[in-house]
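Notes to accompany the following structure.
The values are calculated or read from the model by the stated rules, or taken from the named source; none is laboratory data. This structure is a prediction, so every number in the text was calculated from the model and none was measured. FYI the Cβ positions are ideal-geometry reconstructions off the backbone, even for glycines, and counts take in every protein chain you see. These accessible areas exclude ligands, DNA and RNA; they are computed on the full protein's heavy atoms, side chains included. Shrake-Rupley method; radii C 1.70, N 1.55, O 1.52, S 1.80 Å.
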Amino acid sequence: MGVTDPAGPVMDRDEVDRALARLGAEHEAIETSLLALQDHAGRRLLEGAELTGTTRERWTTADASITLLWAYFDAYTDALRSAREIRARRRWSSREDLVELTELLRGESVTVAGSATATANAPTLLSAAGRLSERFSLAALVDRMNELYATSLDMVVTADAVWSALPARIDLLAAELQRTRKLAHSVGVRPGEHPAGDDLERITRTLTRLREDVVSDPLTFWVPAQGSSAPGGGRPDTTVYDREARALEEVRREIDAVLTVRQDAEARLIKLRDVLSRADRTLAEARTARGEVLAKIAATEVPVVSGPPTVLQEQLAAAAEYRRQAQWHRLSPLLESLEQKAEDELLRARESLTAVTAPLAVRAELRGRLDAYKAKVARHGLAEDPFLIERYDAARRMLWSAPCDLRVAEEAVLRYQRATAEALGAPRVPQQSGPEDRRGE
């Protein structure tokens, strides 16, 4: 190009259009990023938190950077709008328009005026401190915005990551600590009287202070990732939390040792309640299954399911009372007797459930046998045999009807088996006087 100006060779129309398209796409991407940063949960938390230390210093800088970002973006928007207006004057831009567009798109044509506070708090590495206005080319302005955005986002994401990870974990550990303290107090492990009690007090103080520090200065608890340039690259520093969690676990083990003798009786009572509860649930399941069997199986004697024995519950209540009164000499033999009776009751409940559901198991076995022979017939190419189809349908209707007569259904299955064997040329299925009684299985 023969024509030049301070911004370099004058751009032609195609170069201008490509530059405007590229700048428009950059404008849209920058706007999306700025809006996402503005709505970021971490930024909102930083605005409302009472910060201290490193976080307060970096947030002061980041907040000023975000303010400058919007000022730069507004200037970028104005410059892009002006360039588009010049380009829109004529379909074929004149040389004067192209010179003006070249200066606007490539030269330092953008002036950004910032507030004194925002400019003073901006990062000094951007050489903006102390200036009330700056001049940029559009490309330099985009680079400046990218740099400010990266540092601001890194600060916001880092603080949000620490707040998302540590306070909730500290609260969970503090809740576990409170439960442990109550348990320790119940067995006489108290501060000044037992080392574990002193440890619990120290852990309590440390966790309280740790939570306050994490909330007010989260950046102190961040370990940057080595070699990572991505915003928020790193992880929360859980060193203090992990140390106190291990200390609490050690205290719990020590308290468990103290509780072993006293809690032996309680553990046995809990196991007894569990065994009796399982027996009750099994009996309830057996009663429900009995109703299902009576509705689905005909001509079958289903055993009656008895209810849970109340005497065991009464003895269990007596055992709990002995424990509350520390009557260990009475509790020990009663527990031994109850443990045996509870196991026997659970075994009786399981046997009742097995006996009640036996007819359903027989029906399921007959259904499976019928379908297996049907599949065998199909493999040998006899699926369309009318006689076999008739025998199969008769057996299937009996097995899938409600109520189902198991004796009649089993005889129908045997007839289908014999017909299948004859059709395949195999030995006949022997005639049976009647179906085997499987109710006791």
| query | Do we find a residue being assigned to a loop (DSSP other than H, G, I, E, B), of a type in the set (S, T, N, Q) and under 22 Å from Val214 (Cα atoms) anywhere in the stretch 35-57? | reply | yes
| query | Conditions: (1) surrounded by 15 or more Cβ atoms within 10 Å (Cβ to Cβ); (2) at pLDDT 80 or above; (3) not polar (S, T, N, Q). Pro386 meets all but one. Number of the miss? | reply | (1)
| query | In the stretch 412-423, what count of residues is obtained for those that are charged (D, E, K, R) and open to solvent by 40 Å² or more (accessible area, probe 1.4 Å)? | reply | 2
| note | Across (1) open to solvent by 20 Å² or more (accessible area, probe 1.4 Å); (2) within 26 Å of Leu360 (Cβ to Cβ), Gly381 clears everything bar (2)
| message | Cβ contacts < 6 Å: first residue free of Cβ contacts under 8 Å to residues at least 24 places away in the same chain and of a type in the set (A, V, I, L, M), restricted to the stretch 74-89; second residue assigned to a helix (DSSP H, G or I) and crowded, with 19+ Cβ neighbours inside 10 Å, any location; separation 6+ or different chain. Result? | response | Ile86/Glu100; Ile86/Leu101
| Residue count, the stretch 340-360 (criterion: open to solvent by less than 60 Å² (accessible area, probe 1.4 Å) and either small (Gly, Ala, Ser) or closer than 16 Å to Asp280 by Cα (or both)) | 9
| Going by the conditions given, is Ala113 modelled with pLDDT under 75, more than 30 Å from Glu50 (Cβ to Cβ) and touching a strand residue (DSSP E or B) at 6+ places or on another chain (Cβ under 8 Å)? | yes
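Do you know which of the residues in the stretch 389-440 that are among the basic types (Lys, Arg) and part of a loop (DSSP other than H, G, I, E, B) is modelled with the lowest pLDDT?
First, pick out the residues of the stretch 389-440 that are among the basic types (Lys, Arg): 391, 396-397, 407, 415, 418, 428, 438-439.
Applying the additional criterion that residues be part of a loop (DSSP other than H, G, I, E, B) yields 428, 438-439.
On the way: Arg428: 47, Arg438: 40, Arg439: 37.
Of everything passing the filter in the stretch 389-440, Arg439 is modelled with the lowest pLDDT.
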| message | If Asp63 satisfies all but one of (1) assigned to a helix (DSSP H, G or I); (2) open to solvent by less than 10 Å² (accessible area, probe 1.4 Å), what's the number of the condition it fails? | response | (2)
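Given the options Ala49, Ala83, Ala29, name the one that is open to solvent by less than 70 Å² (accessible area, probe 1.4 Å) and either touching a strand residue (DSSP E or B) at 6+ places or on another chain (Cβ under 6 Å) or closer than 17 Å to Asn146 by Cβ (or both). Reasoning before the result, please.
On the way: Ala49 fails: either touching a strand residue (DSSP E or B) at 6+ places or on another chain (Cβ under 6 Å) or closer than 17 Å to Asn146 by Cβ (or both); Ala83 fails: either touching a strand residue (DSSP E or B) at 6+ places or on another chain (Cβ under 6 Å) or closer than 17 Å to Asn146 by Cβ (or both).
Just a single option satisfies the conditions, and that option is Ala29.
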| query | Has the stretch 136-147 got at least one residue that is at pLDDT below 80 and acidic (Asp, Glu)? | reply | no
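Could you tell me whether any residue of the stretch 309-316 is polar (S, T, N, Q), closer than 30 Å to Ala402 by Cβ, assigned to a helix (DSSP H, G or I) and open to solvent by 50 Å² or more (accessible area, probe 1.4 Å)?
If we filter the stretch 309-316 for residues that are polar (S, T, N, Q), which is where we start, we get 310, 313, 315.
With the extra rule that they be closer than 30 Å to Ala402 by Cβ, the set shrinks to none.
Within the stretch 309-316, not a single residue is polar (S, T, N, Q), closer than 30 Å to Ala402 by Cβ, assigned to a helix (DSSP H, G or I) and open to solvent by 50 Å² or more (accessible area, probe 1.4 Å).
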| query | What residue, of Gly233, Gly227, is modelled with pLDDT under 85 and touching a strand residue (DSSP E or B) at 6+ places or on another chain (Cβ under 9 Å)? | reply | Gly233
| request: Check whether at least one residue in the stretch 216-238 is open to solvent by 50 Å² or more (accessible area, probe 1.4 Å), touching a residue at least 60 places away in the same chain (Cβ under 8 Å) and assigned to a loop (DSSP other than H, G, I, E, B), and report yes or no. | output: yes
| field | Per-region count, the stretch 168-191, residues without any contact (Cβ under 8 Å) to a residue 40 or more places away in the chain, assigned to a helix (DSSP H, G or I) and not hydrophobic (A, V, I, L, M, F, W, C) | value | 6
| remark: Pairing a residue in the stretch 385-412 that is touching a residue at least 40 places away in the same chain (Cβ under 8 Å) with any residue that is open to solvent by 60 Å² or more (accessible area, probe 1.4 Å), where Cβ atoms lie under 6 Å and the two sit 6 or more apart in sequence or on different chains, gives Ala402/Lys296; Pro403/Lys296; Asp405/Ala299
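Condition check: modelled with pLDDT of 85 or more and among the basic types (Lys, Arg). Does Arg43 satisfy that? Spell out how you get there, then give the answer.
Numbers: modelled with pLDDT of 85 or more: yes; among the basic types (Lys, Arg): yes.
It is true that Arg43 is modelled with pLDDT of 85 or more and among the basic types (Lys, Arg).
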